[in-house]
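**Student:** Mind having a look at this structure? Questions to follow.
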Amino acid sequence: MLRTLLLELSKSSSLRRWITNNGATRRMAHRFVPGEQLPPAIEAARACNRAGMTVSLDHLGENVVTREDAERARGSYSEALEQIAARGVDGNVSLKLTHIGLDLGEDFCSEQLRILTRRAGELGNFVRVDMEGSAYTDRTLRMVKQARAETSAVGTVIQAYLYRSEDDIRDLLGIHCRIRLVKGAYKEPSRIAFRRKKDVDANFVKLMKILLPSGTYHALATHDPKMIEAAIRFAAEQNITKDKFEFQMLYGIRTDLQSQLTRQGYRVRVYIPYGQDWFPYFMRRLAERPANLVFFAKNFLRGAAPQA
Ligand SMILES: Cc1cc2nc3c(=O)[nH]c(=O)nc-3n(C[C@H](O)[C@H](O)[C@H](O)COP(=O)(O)OP(=O)(O)OC[C@H]3O[C@@H](n4cnc5c(N)ncnc54)[C@H](O)[C@@H]3O)c2cc1C
């Protein structure tokens, strides 16, 4: 119930204004978002590289309503790709199609995406298209497949909570598309999605077992030790070596597990979000883990209390 409430609140513009203008909450958001501009994200990326991990940079934003905003967002991703190359960062970019104009038309957004994937291909880099709420699933898959027909520098995300995901995976494997498997972060109805954690987990493991032996390089994005153990065990049983897939985790979450897997020789990629539009991302992270909400509330009260 708390998760549902927080996901609903993530759409509230008045709460967004209040939280993003508040100094205490801005400071707390730094736990999950290293900065509002590209340079601190590049610094965070370099620190991850030094610790033996790769990164994916995500300029936060979604559901833009003007072409100017969509083009500006696309420009920010071009800039991130250029900076990654110029600064020798071992990393790629992740983006949401609604940030580069999906709500403004599929043709427009498709062209925006292909400008980025072409450039990523030239630079020997890669664009990961995040998966948003189910209203966007078909369009996202269609546009990724169009872009994938031109370059292998693009991949996408499949959410284990959706019933349709096994079919989508089989379809994407037909074109050797790289997939990031996640549990799924949005509020979806039981008509189309598993609601119970144990069902989502079971489907994650089932889909992982389709992905890992497929011969294409995929990612398992989870902080759940049970999912990670299942993948490690399955890979060992199937003689799938550690360089054939990667684990991905979010910046600031389970950093202990990130380091442990790196020490054990697994590939770990840290997803680094940055930008001013961090509110919905922040709320989704709170929704995932009630303990984060307690941390948030305690710090907020401490920050709001008069200083001695
Ligand atoms: C790299 C990456 C990219 C992602 N991209 C997408 C995407 O494109 N589309 C999408 O729908 N979702 C995406 N997600 C989010 C994902 O769908 C889940 O909502 C999120 O990862 C939480 O699920 P979990 O697998 O970590 O396991 P859960 O079952 O949520 O949690 C298992 C355990 O992980 C730890 N944990 C999980 N979340 C947190 C947290 N916020 N703070 C502290 N500990 C935590 C706790 O120990 C918890 O008990 C992405 C996640 C990652 C890691």
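**Student:** Just need a number here: residues in the stretch 113-123 that are open to solvent by 10 Å² or more (accessible area, probe 1.4 Å) and either part of a helix (DSSP H, G or I) or without any contact (Cβ under 8 Å) to a residue 24 or more places away in the chain (or both). Spell out how you get there, then give the answer.
**Tutor:** Taking the stretch 113-123 as the starting set, the residues that turn out to be open to solvent by 10 Å² or more (accessible area, probe 1.4 Å) are 114-115, 118-119, 121-123.
Restricting the remaining residues to those that are either part of a helix (DSSP H, G or I) or without any contact (Cβ under 8 Å) to a residue 24 or more places away in the chain (or both) gives 114-115, 118-119, 121-122.
Residues flagged as open to solvent by 10 Å² or more (accessible area, probe 1.4 Å) and either part of a helix (DSSP H, G or I) or without any contact (Cβ under 8 Å) to a residue 24 or more places away in the chain (or both) within the stretch 113-123 amount to 6.
**Student:** Filtering the stretch 54-73 down to residues that are within 16 Å of the ligand (Cβ to nearest atom) and out of contact with any strand residue (DSSP E or B) (no Cβ under 8 Å at 6 or more places or on another chain), which residue is most open to solvent (accessible area, probe 1.4 Å)?
**Tutor:** Result: ASN63.
**Student:** Would you pick out the residues in the stretch 189-207 that are open to solvent by 20 Å² or more (accessible area, probe 1.4 Å), within 17 Å of ASP138 (Cα to Cα) and in contact with a strand residue (DSSP E or B) (Cβ under 9 Å, 6 or more places away or on another chain)?
**Tutor:** ILE192
**Student:** All but one of (1) within 14 Å of CYS177 (Cα to Cα); (2) within 14 Å of the ligand (Cβ to nearest atom); (3) open to solvent by 10 Å² or more (accessible area, probe 1.4 Å) hold for ARG148; state the number of the condition that does not hold.
**Tutor:** Single failed check for ARG148: (2).
**Student:** So, ARG191, is that one under 30 Å from SER10 (Cα atoms) and more than 16 Å from the ligand (Cβ to nearest atom) or not? Steps first, please.
**Tutor:** Values: under 30 Å from SER10 (Cα atoms): yes; more than 16 Å from the ligand (Cβ to nearest atom): yes.
Yes.
**Student:** Which one of ILE253, ILE210, ILE228, ILE232 is away from the ligand (no atom under 16 Å from the Cβ) and aliphatic (A, V, I, L, M)? I'd like the intermediate steps shown before the answer.
**Tutor:** Working: ILE253 fails: away from the ligand (no atom under 16 Å from the Cβ); ILE228 fails: away from the ligand (no atom under 16 Å from the Cβ); ILE232 fails: away from the ligand (no atom under 16 Å from the Cβ).
Exactly one residue qualifies, and that residue is ILE210.
**Student:** With respect to ALA51, determine if the residue is surrounded by fewer than 21 Cβ atoms within 10 Å (Cβ to Cβ), closer than 22 Å to SER259 by Cα and touching a residue at least 60 places away in the same chain (Cβ under 8 Å). Can you show your working first?
**Tutor:** Numbers: surrounded by fewer than 21 Cβ atoms within 10 Å (Cβ to Cβ): yes; closer than 22 Å to SER259 by Cα: yes; touching a residue at least 60 places away in the same chain (Cβ under 8 Å): yes.
Criteria met by ALA51.
**Student:** Against the conditions (1) open to solvent by 20 Å² or more (accessible area, probe 1.4 Å); (2) polar (S, T, N, Q); (3) in contact with a strand residue (DSSP E or B) (Cβ under 7 Å, 6 or more places away or on another chain), where does GLN258 fall short? Just the number, please.
**Tutor:** For GLN258, the failing item is (1).
**Student:** With the condition kept exactly as written, say whether any residue in the stretch 169-182 is within 16 Å of the ligand (Cβ to nearest atom) and open to solvent by 20 Å² or more (accessible area, probe 1.4 Å). Spell out the reasoning first.
**Tutor:** Step one: list which residues in the stretch 169-182 are within 16 Å of the ligand (Cβ to nearest atom), which gives 169, 172, 177-182.
Next, only the ones that are open to solvent by 20 Å² or more (accessible area, probe 1.4 Å) stay: 178, 182.
The answer is yes; a qualifying residue exists.
**Student:** Condition first: open to solvent by 10 Å² or more (accessible area, probe 1.4 Å) and within 22 Å of the chain's Cα centre (by Cα). Now tell me which residues in the stretch 229-247 satisfy that. Write out each step before concluding.
**Tutor:** As a first pass, look at the stretch 229-247 and keep what is open to solvent by 10 Å² or more (accessible area, probe 1.4 Å): 229-230, 232-234, 236-244.
Matches in the stretch 229-247: GLU229, ALA230, ILE232, LYS242, ASP243, LYS244.
**Student:** Which residues, counting only those in the stretch 74-93, are open to solvent by 50 Å² or more (accessible area, probe 1.4 Å) and outside any helix (DSSP H, G or I)?
**Tutor:** Of all residues in the stretch 74-93, those open to solvent by 50 Å² or more (accessible area, probe 1.4 Å) come to 74, 79, 82-83, 85-88, 90.
Those that are open to solvent by 50 Å² or more (accessible area, probe 1.4 Å) and outside any helix (DSSP H, G or I): ARG87, GLY88, ASP90.
**Student:** Is it the case that some residue within the stretch 133-141 is open to solvent by 10 Å² or more (accessible area, probe 1.4 Å) and within 21 Å of VAL55 (Cα to Cα)?
**Tutor:** As a first pass, look at the stretch 133-141 and keep what is open to solvent by 10 Å² or more (accessible area, probe 1.4 Å): 133-136, 138-139, 141.
Filter again for within 21 Å of VAL55 (Cα to Cα), leaving none.
So far as the stretch 133-141 goes, no, none of its residues is open to solvent by 10 Å² or more (accessible area, probe 1.4 Å) and within 21 Å of VAL55 (Cα to Cα).
**Student:** Just one of the numbered conditions (1) at pLDDT below 95; (2) more than 9 Å from the ligand (Cβ to nearest atom) is not true of ALA202; which one?
**Tutor:** It fails just one condition, (1).
**Student:** Ok, one more. Right, PRO39: under 29 Å from ILE115 (Cβ atoms) and without any contact (Cβ under 8 Å) to a residue 40 or more places away in the chain or not? Steps first, answer last, please.
**Tutor:** Values: under 29 Å from ILE115 (Cβ atoms): yes; without any contact (Cβ under 8 Å) to a residue 40 or more places away in the chain: yes.
Yes; evaluated as a whole, the condition is true for this residue.
**Student:** Same structure, new question: Name the single residue, out of those in the stretch 257-295 being in a helix (DSSP H, G or I) and at pLDDT 95 or above, that is nearest to the ligand (Cβ to nearest atom).
**Tutor:** The qualifying residue nearest to the ligand (Cβ to nearest atom) is LEU257.
The values are calculated or read from the model by the stated rules, or taken from the named source; none is laboratory data. It should be emphasised that the depicted structure is a prediction, and the values quoted were computed from it without experimental measurement. Note that each Cβ is placed from the backbone with ideal geometry, even for glycine, and that neighbours are counted across all protein chains shown. These area figures cover heavy atoms from the full protein model, side chains too; ligands, DNA and RNA do not enter into them. Shrake-Rupley method; radii C 1.70, N 1.55, O 1.52, S 1.80 Å.
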